[in-house]
Amino acid sequence: REPKLWIDKCCIDQTSIAANLTCLPVFLAGCKNVLVLCGDTYLNRLWCVMELFVFLEMGASPERIELKMLAHSNSAAMRLR
């Protein structure tokens with residue numbers, strides 16, 4: 001059975017993110033949608049932005065990205081506008 005949920009933080013070795021970067025297109029190819037839980041530091045982390053870039057470059061439409069702002073994320077919300 002195919003997985004229903006893939007969580008990057010749990011599925012990618014956080015101590016070796018660079019080594020897993022080459023596999024990112026493979027991981028994202030299995031995703032129909034992306035849910036972004038956006039906190040204050042989300043846009044400051046290249047890895048997070050890279051995931052969205054790769055997802056869109058692989059042909060996904062922006063409508064397939066759902067953005068949820070986390071509490072106390074006013075600064076991130078302002079940067080998105």
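Any read-out appearing in this document is the output of simple, stated calculations on the displayed coordinates, not a laboratory observation. The structure displayed is predicted, hence computed values, not measured ones. Note that each Cβ is placed from the backbone with ideal geometry, even for glycine, and that neighbours are counted across all protein chains shown.
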Along Cα→Cβ, 7 Å out, is where each label goes; now give me the distance between the ones at Phe27 and Trp6 in nm to one decimal. 0.8
HN-Hα couplings for region 38-51 via Karplus (6.51, -1.76, 1.60; θ = phi - 60°), in whole Hz with x for Gly/Pro, come out as 8, x, 4, 9, 3, 6, 8, 9, 4, 4, 5, 5, 4, 4
The aspartates and glutamates whose Cα lies under 17 Å from the Cα of Lys32, excluding any fewer than 8 residues away in the same chain, are Glu2, Asp8, Glu51, Glu57, Glu63, Glu66
Interchain or long-range residues, amide H under 5 Å from Leu67's placed H: Val36
